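The values are calculated or read from the model by the stated rules, or taken from the named source; none is laboratory data. All figures in this text were calculated on a predicted structure; none of them were measured in a lab. Note that we place each Cβ from the backbone using ideal geometry, even for glycine, and neighbour counts take in every protein chain shown. Accessible surface areas use protein heavy atoms only, side chains included; no ligands, DNA or RNA. Shrake-Rupley method; radii C 1.70, N 1.55, O 1.52, S 1.80 Å.
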Amino acid sequence: MGGRVTISTHVLDAARGKPFSGIAVSLQRRDGTEVSSAETNADGRITGWGEGLEAGVYRLVFDTSEAAPFFPEVVLTFAYSDPAQHYHVPLLLSPFAYSTYRGS
């Protein structure tokens, strides 16, 4: 998936206030078909998912088993309704809680 970035994510360690690097993330269609996969960089980001995705419901599946063993996997499902817009879907992770929001 190349070109203009339309979906990105960022994994932050909410307990330490630092990014989580090396988190494996799978971008999937709602039915579980994988579109792409990558690992978070040193800044905890993945920005390489770009053009070519159709509008629809997608999910980001984070392998958090090393970072927060209580939550070995976090799945964030979201509606990708306008491919002309940028969608930033961050994950704030701590040992016993996580949250998300639509970022910019």
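Name the residues in segment 38-83 that are touching a Lys or Arg at 6+ places or on another chain (Cβ under 9 Å) and part of a strand (DSSP E or B), would you?
Selection gives GLY50, GLY56, VAL57, TYR58, ARG59, VAL75, LEU76, THR77, PHE78.
Which residues, counting only those in segment 39-53, are under 22 Å from ALA84 (Cα atoms), open to solvent by less than 40 Å² (accessible area, probe 1.4 Å) and more than 9 Å from the chain's Cα centre (by Cα)?
Selection gives TRP49, GLY50, LEU53.
Among what's in segment 94-104 and is within 18 Å of PHE78 (Cα to Cα), part of a strand (DSSP E or B) and at pLDDT 95 or above, pick the residue that is most open to solvent (accessible area, probe 1.4 Å). If you could, list the steps in order and put the result at the bottom.
Pass one, segment 94-104, residues within 18 Å of PHE78 (Cα to Cα): 98-104.
With part of a strand (DSSP E or B) added as a condition, the list becomes 98-100, 103.
If we keep only those that are at pLDDT 95 or above too, we end up with 98-100.
Values: TYR98: 98, SER99: 57, THR100: 67 Å².
Among residues in segment 94-104 that are within 18 Å of PHE78 (Cα to Cα), part of a strand (DSSP E or B) and at pLDDT 95 or above, the one most open to solvent (accessible area, probe 1.4 Å) is TYR98.
Could you tell me which of the residues SER21, SER36, SER26 is surrounded by 13 or more Cβ atoms within 10 Å (Cβ to Cβ), of a type in the set (Ser, Thr, Tyr), at pLDDT 95 or above and under 13 Å from VAL61 (Cβ atoms)?
Numbers: SER21 fails: under 13 Å from VAL61 (Cβ atoms); SER36 fails: at pLDDT 95 or above.
Matching residue, one of SER21, SER36, SER26: SER26.
Taking ALA15 and the conditions (1) surrounded by 13 or more Cβ atoms within 10 Å (Cβ to Cβ); (2) under 15 Å from the mean Cα position of the chain (by Cα), which numbered condition does it fall short on, given that it satisfies the others?
In the conditions (1) surrounded by 13 or more Cβ atoms within 10 Å (Cβ to Cβ); (2) under 15 Å from the mean Cα position of the chain (by Cα), ALA15 misses (2) alone.
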